[in-house]
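These notes are about the structure you will find just below.
Where a number appears in this text, it was derived from the coordinates with a stated rule and is not lab data. Predicted model, so just to flag it, every value in this text is computed and none were measured. All Cβ positions, glycine included, derive from the backbone under ideal geometry; neighbour counts span all protein chains shown.
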Amino acid sequence: MKPAPFRYARAGSLAEAIALLAGAPGENKLLAGGQSLVPMLNMRLARPAVLVDVNGLRELIGITHTPEGGLRIGALTRHAELAASSAVIERAPLLAEAARHVGHAAIRNQGTLGGSVAHADPAAELPAALVALDARIRMTGPRGAREVAADAFFRGLLATALEPDEILTEIDIPAQPPGWGFVEIARRPGDFALAGVAAVVHVGHPLAPPSPPRAGEGEVRLVGFGVGDRPVRLTSAERLLTGAPLDAESAARAGAAAGPDCDPPSDVHGSAEYRRHLATVLAERALLQAGARVAGGPR
Amino acid sequence: MTAPSERLTVCLTVNRRPVEQVVEARRSLADFLRDDLGLTGTHVGCEHGVCGACTVLVDGRSARSCLLFAAQLEGRAVTTIEGLTPAEGLSPLQESFRVCHAMQCGFCTPGMIVTATELLAQEPAPSTETIREAISGNLCMCTGYVNIVHAVEQAVAARVAGARA
């Protein structure tokens, strides 16, 4: 299993990377951590003409605080850095937890946040976490920079709003509310999840400590992964909980309502029916985790 | 910027030795180590990042050498199982694998030892659960996992005993 021949170029700057991609968009591919791309090359599911190595682009590295209390995270940030970053653990603990669930240590050392998001595997943890966190995905290309809400970024199986001549640069994450949950079921630690759910319960929810009214008050975001062709908002369950108390009974009702929003695949690891069942149980568990964190004060 | 090329020169360090070599762009680090440098201790199993047999250290952190191209390693330091083995005899971790009979066919062993080396560098006294999770990305098709976990635990215990002595 060897990749078909390709040409390799090391980009020294973002402008160079854009120019190299523009040479033949769609045929030229970016190489970041390579943990999803290289298996596809080795199996010859992808045959790019040119691989543009962006690993040297310092402008894509780093985790910075935003004035609004959130984070801006460079696309080249490795999963291991996300999981260990004190800034991420403090301001977006859901994302740190999701990063700990990605692959194995050797994969987390190499794989990048931007790569996972651009690849858009529907069973991947990080895309679901970003949708739950209402993150904004920033990208740039020959037509300039733009940003897309995570909700709108993921468009289907391995399909995103990123154009073939664009480069994902950063991800902006708003300050995360204290109520959050993240659960998944996988055959082994590090495997892609059979199913998983990320939950965020916003400040202002009846169970949360009193705070000034703000946008998103009372909002619950529940996102399933491995249960559809992209990260799936479990909107029926969300609606049941919006502005309503979150307790064991409402979490169970919301979990049960999550099933019909899922359209999971059947494969050798599990049937669609089994995965849908997992989604209902995991949605309930993620909500209970979130509720416990809200009730328990500081996370 | 380097112009897109099918062949290029790469300069890196392998087991503390500088190496400069012309490689095909599609040459995996695993094949580079085995076929170009003769370091056959790194084993090639699945070639798509699942089995962990080809795990090496890059700047001290574990990586699948089948998922890296040699061309990407410019300026980096690679350590293979050969680099973790003393000139004479075995390292304490290797000795522990021998004592605990933590190998059957031995195919997964280099990857297991590299993975365990990183674990013990980051966490000198890991729990059994942590050891199991750390090696979960390394497949042993002989299913000899119990003795492998014992070997890592034994290496920790030996080091603790050595420190006390």
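Starting from the Kirkwood Rh over alpha-carbon pairs, what translational D in µm² s⁻¹ does chain A have by Stokes-Einstein at 10 °C and 1.306 mPa s? Write out the running numbers ahead of the final one.
Numbers: Rh = 19.5 Å.
D, rounded to a whole number, is 81 µm²/s.
Among A:Ala290, A:Thr140, A:Met40, flag the residue with its Cα farthest along the positive direction of the charge dipole of the protein assembly as shown, charges on Cβ as +1 for Lys/Arg and -1 for Asp/Glu.
A:Met40
Apply 1/(1 + (r/R0)^6) to the Cβ-Cβ distance of A:Asp121 and B:Val99, taking R0 = 45 Å, and write down the FRET efficiency to the nearest 0.05.
Numbers: r = 41 Å, r/R0 = 0.92.
For R0 = 45 Å, the calculated efficiency reads 0.60.
Using the Cα centre of the protein assembly as shown as the reference point, and only Cβ charges (+1 on K/R, -1 on D/E), how large is the resulting charge dipole? Debye, rounded to the nearest 20.
Working: 43 positive and 48 negative charges, 65 e Å.
Roughly 320 debye for the protein assembly as shown.
Take peptides A:225-235, B:16-26 and line them up by average Cβ neighbours within 10 Å, highest first, as a rough protection proxy.
Put in order of decreasing packing, that is A:225-235, B:16-26.
Quick one: what do you get for chain B if you divide its Cα Rg by 2.2 N^0.38 Å?
Details: Rg = 16.6 Å, N = 165, 2.2 N^0.38 = 15.3 Å.
The value comes to 1.08.
Of the residues B:Ala63, B:Ala87, B:Ala134, which exhibits the maximal mean-square fluctuation in a Gaussian network model of chain B defined by a 10 Å Cα contact cut-off?
B:Ala87
What FRET efficiency, computed as 1/(1 + (r/R0)^6) with R0 = 25 Å and r the Cβ-Cβ distance, is obtained for B:Asp35 and B:Glu88, rounded to the nearest 0.05? Before the final figure, lay out the partial values.
Numbers: r = 27 Å, r/R0 = 1.09.
In this case the efficiency is close to 0.35.
Could you list B:Cys100, B:Cys51, B:Cys66 so that the one with the fewest beta carbons within 10 Å of its beta carbon is first and the one with the most is last?
B:Cys100, B:Cys51, B:Cys66
Using a simple spin-label model with points 7 Å from Cα along the Cα→Cβ vector, what separation in nm is obtained for A:Ala15 and B:Thr2?
With each label placed 7 Å out from Cα toward Cβ, I get 2.2 nm.
At a Förster radius of 56 Å, what calculated FRET efficiency corresponds to the Cβ-Cβ distance of B:Arg159 and A:Arg143, to the nearest 0.05?
Working: r = 57 Å, r/R0 = 1.02.
It comes out at approximately 0.45.
Partner chain Cβ atoms within 10 Å, averaged over the residues of A:2-13 - can you pull that number for me?
Numbers: counts 6, 6, 1, 5, 6, 9, 15, 8, 9, 2, 2, 1.
Neighbouring Cβ atoms belonging to other protein chains average 6 per residue here.
What residue among B:Phe69, B:Val22, B:Cys51 has its Cα farthest toward the positive end of the dipole of chain B, where the charges are +1 on Lys, Arg and -1 on Asp, Glu, each on the Cβ?
The residue sitting farthest along the positive end of the dipole is B:Cys51.
Along its three principal axes, how long is segment A:56-105 when you only count alpha carbons? Whole Å, largest extent first please.
Its Cα atoms span 33, 28, 12 Å along the three principal axes.
Give, rounded to the nearest 20 debye, the magnitude of the charge dipole that segment B:34-165 has about its Cα centre when Lys and Arg contribute +1 at Cβ and Asp and Glu contribute -1 at Cβ.
On the way: 8 positive and 13 negative charges, 48 e Å.
In debye, rounded to 20, segment B:34-165 gives about 240.
Sort A:His277, A:His79, A:His65, B:His43 so the one with the fewest other Cβ atoms within 10 Å of its own Cβ comes first.
Details: A:His277 16, A:His79 28, A:His65 13, B:His43 20.
Listing A:His277, A:His79, A:His65, B:His43 from fewest to most nearby Cβ atoms yields A:His65, A:His277, B:His43, A:His79.
Report, as a whole number in µm² per second, the diffusion coefficient that Stokes-Einstein gives for segment B:92-164 at 4 °C and 1.567 mPa s using the Kirkwood radius over alpha carbon pairs.
Values: Rh = 12.0 Å.
Answer, rounded: 108 µm²/s.
In Å and whole numbers, how far do the C-alpha atoms of segment A:1-99 stretch along each principal axis, longest first?
Principal-axis extents of the Cα atoms in segment A:1-99, largest first: 44, 30, 18 Å.
When all alpha-carbon pairs of segment A:131-192 are counted, what percent fall beyond 14 Å?
Details: 1243 of 1891 pairs.
Tail of P(r) above 14 Å: 66 percent of Cα pairs.
Determine, for A:Lys29, A:Lys2, the number of other Cβ atoms within 10 Å of each Cβ, and report the residues in order from fewest to most. Don't jump to the answer; show the numbers that get you there.
Numbers: A:Lys29 20, A:Lys2 13.
Going from sparsest to densest Cβ surroundings: A:Lys2, A:Lys29.
For chain B, modelled as a GNM with alpha-carbon contacts under 10 angstrom, which of B:Ser65, B:Ser28, B:Ser136 fluctuates the most?
B:Ser136
Output the antiparallel fraction of DSSP beta bridges having both residues in the protein assembly as shown, as a percent to the nearest 5. Please list the in-between numbers first.
Numbers: 53 of 64 bridges.
Here the antiparallel bridges make up roughly 85 percent for the protein assembly as shown.
When averaged across all projection directions, what area in nm² does the alpha-carbon convex hull of segment A:60-173 cover?
Details: hull surface 26.0 nm².
Answer in nm², one decimal: 6.5.
With each pseudo-label sitting 7 Å past Cα toward Cβ, what's the B:Thr143-B:Ala77 distance in nm, one decimal?
Distance between label points: 4.1 nm.
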